[in-house]
Structures are given as structure tokens and as C-alpha cells.
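J.: Would you mind keeping the following structure in view while I ask a few things?
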Amino acid sequence: MTHGSDMEIDGDGWTEDVLGAGFEARTLRLPGGAEATLVRYLPEEGPGVGRAPVLYVHGFTDYFFQRHVAEAVAGRGYPFYAIDLRGHGRSIDTWTASGHDANLVNSLRLYEQDLDAAADAIAADGHTGLVLLGHSTGGLITSMYAHSHPGRVTALVLNSPWFDLRGSWSDRTLVTQAVYVLGWIAPRTVVATLGGDYGRALHQTTGGEWDYDLAWKPTPGFPVRAGWLAAIRRGHRRIGRGLAVQCPVLVCTSDRTGPDGGEAAVMLSTDAILDVAHMHARAPKLGKTVTISIIEGGAHDLALSPKPAREKYLTTVLDWLDAAT
């Protein structure tokens, strides 16, 4: 099956995924030799029938490993898929072997190819409709995709979407001006690194609740380079001008912005990565039908919050989907 002139999807490419029983993966071959990886969850009782499939899209320094999200979504009857975008997780080796930096592109428009290929593969599985579930940077990417593909997206769910930089207006303005220049003349220049406290709070080896591959989601994060951050800031600017997403949108956030470092209990009960005020300010700019839900005590990745916040988040999302679709 092809999408456009360059998209290629292997006909029988599903193999057992690294998550083990119940999960399968396939490679999505993209223009220019890039690859993304699509994961699907096949519960023992069989996939849901008749409901729109859910496609999970991760954030920066991230990939899909949240099997409990797949189980919860499928438990409500929604077929569940997730994508590791080019340069991330299951797709990282091909990307870096061709000379690219892990997790980084110089234009967010490239991810339209990844999502187009995923949508084609999901449709080839016999499903109709598409719910996008985007976390953090994935929330920015899916918002822009839903805007530019109005007939393809049934509903849009955002988990702590990245709509602006943290910091004061003057700091954000200065950073943006600098990365636009550097992104043009020296796109691989490292302009920032992420703190490690949030990652340490999450991972089992440092006292957290979650087990994931630290090569694919390293605790200190991948370096932030100028070309990539310039692309992100162009996306932020587009959100700020307003989109015209036609499908219903749910934006979920923590109730508080936390410090960007500190004790695990603080990292996991606030948004220690982004400013929730920016999400609340820009969510209404996405489209005409936007619902904002605040999850008390939620972490940046609301699905990785301690109980009961993560249960509240998942219930909120699924109840909303039941009503919206």
C-alpha cells in the first residue's frame, strides 16, 4: 500500500514487539530513506470493532512503552496503536546510522509523513476514523497535523502539550531570536540540555515506577540543537496565531507547574517540564470545540503520574472519547 508517490508500507510486516506478548510492530518506510515504527496492541479478547482507532504519539526523548495506556484504551473497545517517530525509540538506529541526530529534525512538517504512513497502515487493518493522542512535543505535532488534515482526524487528545517555552516573555523572545539565527547557520549547535531529576523520578532503577529502555529515553535527555528548537518555535508561533482543528479536542494538564528539578515527589505531582498556564492560554486557539481537563497531582506525562492521578487521567480521556466519538 502506498500513500502519495513515495510512501511505502510493508504488506505483512508485523512482528512481535519489544513489549512482548500482545504487542506487534512494523516498519513504516518514508520518503528519503527514513523510517518510523508502528506498534499495535492485540488484547486476548481481540481488537475493538467499530470504534475509531487511537494512535499514540510520544514526546521528545521518548518513545512508546506505556503498556497500561494500551490496555486501558483497548479495554474500552478502541483499537490501540502507537508510533515511534523517525529518530525515536524503535526507529532511532536507522536515523542515526544515516548521520542524523537522535530525536531531531529541522522541520516539524516531516512528521506529517510519519503520521500519514501510520494512518494508512491503520486503515489497512480495516479501521475507519483516527483519534490522535499526543504527549508534550507529540501534542504540538498532532495539533498541527489535525489542523492540516481536517478529514482524517476524528478526535484529538493532548496530554500536557508543548505550546510554548518555559520562562518569561523576554527570555522566550531572546531564545527564539537566537535559535532562528543558529538554526539557519549552524543547526547542530547544542543550545540546551535537559535536567535529569524528572527521568530519575520515573525510572525503576532510580526509585521510580516505570521500566523503559534508557538508550531510547535517557535520563538526562538528548541534546537540544538549534535547528530542532527553531522548528519547535515555528510550531509554537503557529499555535499562537491560532489553528482551525475541526474535530473535538481534549487538552489534559496537571494542576500546577513545578520546578524543573527537585525531589521525586514534586517531579511526579506537578508538571516539571512545561508551564501549564501556556497550555491553558493556547488551548482555545486550537479550534471551536476544545475541552480543558485539569488533573490534580498529575505529572508532566499524565499517564505516568502516581495513582490516583493517572487513573483519573485515563478515565477522563476515555469518558470524553465515549461522548465525543
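J.: Among what's in segment 167-188 and is among the charged types (D, E, K, R) and either in contact (Cβ under 8 Å) with a residue 40 or more places away in the chain or loosely packed, with under 12 Cβ neighbours inside 10 Å (or both), pick the residue that is farthest from A230 (Cα to Cα).
T.: First pass over segment 167-188, keeping only residues among the charged types (D, E, K, R): 171-172, 188.
Applying the additional criterion that residues be either in contact (Cβ under 8 Å) with a residue 40 or more places away in the chain or loosely packed, with under 12 Cβ neighbours inside 10 Å (or both) yields 171, 188.
Details: D171: 15, R188: 11 Å.
Ranking the qualifying residues of segment 167-188, first place goes to D171.
J.: Which of the residues spanning segment 203-227 are among the β-branched types (V, I, T), more than 13 Å from V191 (Cβ to Cβ) and either surrounded by 19 or more Cβ atoms within 10 Å (Cβ to Cβ) or touching a His at 6+ places or on another chain (Cβ under 8 Å) (or both)?
T.: Quick first cut of segment 203-227, residues among the β-branched types (V, I, T) only: 205-206, 219, 224.
Cutting the leftovers down to more than 13 Å from V191 (Cβ to Cβ) gives us 205-206, 219.
Residue satisfying the conditions is T219 alone.
J.: Now for a separate question. From the list G87, G77, which one is touching a His at 6+ places or on another chain (Cβ under 7 Å) and either on the phi > 0 side of the Ramachandran plot or surrounded by fewer than 24 Cβ atoms within 10 Å (Cβ to Cβ) (or both)? I'd like the intermediate steps shown before the answer.
T.: Values: G77 fails: touching a His at 6+ places or on another chain (Cβ under 7 Å).
Answer to the check: G87.
J.: While we're on this one: Report, ordered by the first and then the second residue, all pairs with beta carbons closer than 8 Å, sequence separation of six or more or different chains, a first member in segment 200-217 that is in contact (Cβ under 8 Å) with a residue 40 or more places away in the chain and in a loop (DSSP other than H, G, I, E, B), and a second member that is acidic (D, E) and surrounded by 20 or more Cβ atoms within 10 Å (Cβ to Cβ).
T.: Pairs found: K217/D62.
J.: Yes or no: segment 209-216 includes at least one residue that is hydrophobic (A, V, I, L, M, F, W, C) and more than 20 Å from A192 (Cα to Cα). First the steps, then the outcome.
T.: Restricting attention to segment 209-216, the residues satisfying the condition of being hydrophobic (A, V, I, L, M, F, W, C) are 210, 214-216.
From the residues that got through so far, the ones that are more than 20 Å from A192 (Cα to Cα) too are 210.
There is at least one residue in segment 209-216 that is hydrophobic (A, V, I, L, M, F, W, C) and more than 20 Å from A192 (Cα to Cα).
J.: Criterion first (under 23 Å from N106 (Cβ atoms), surrounded by fewer than 16 Cβ atoms within 10 Å (Cβ to Cβ) and within 24 Å of the chain's Cα centre (by Cα)) does A192 satisfy it?
T.: Criteria met by A192.
J.: Here is a check on your reading of the model: is A178 assigned to a helix (DSSP H, G or I), aliphatic (A, V, I, L, M) and either farther than 24 Å from V105 by Cα or under 20 Å from the mean Cα position of the chain (by Cα) (or both)?
T.: No, not satisfied.
A short reminder: the numbers here are calculations on the coordinates, not readings from a lab. As the structure is a prediction and not an experimental result, all values here were calculated from the model. Neighbour counts run over all protein chains shown; Cβ positions are idealised from the backbone, glycine included.
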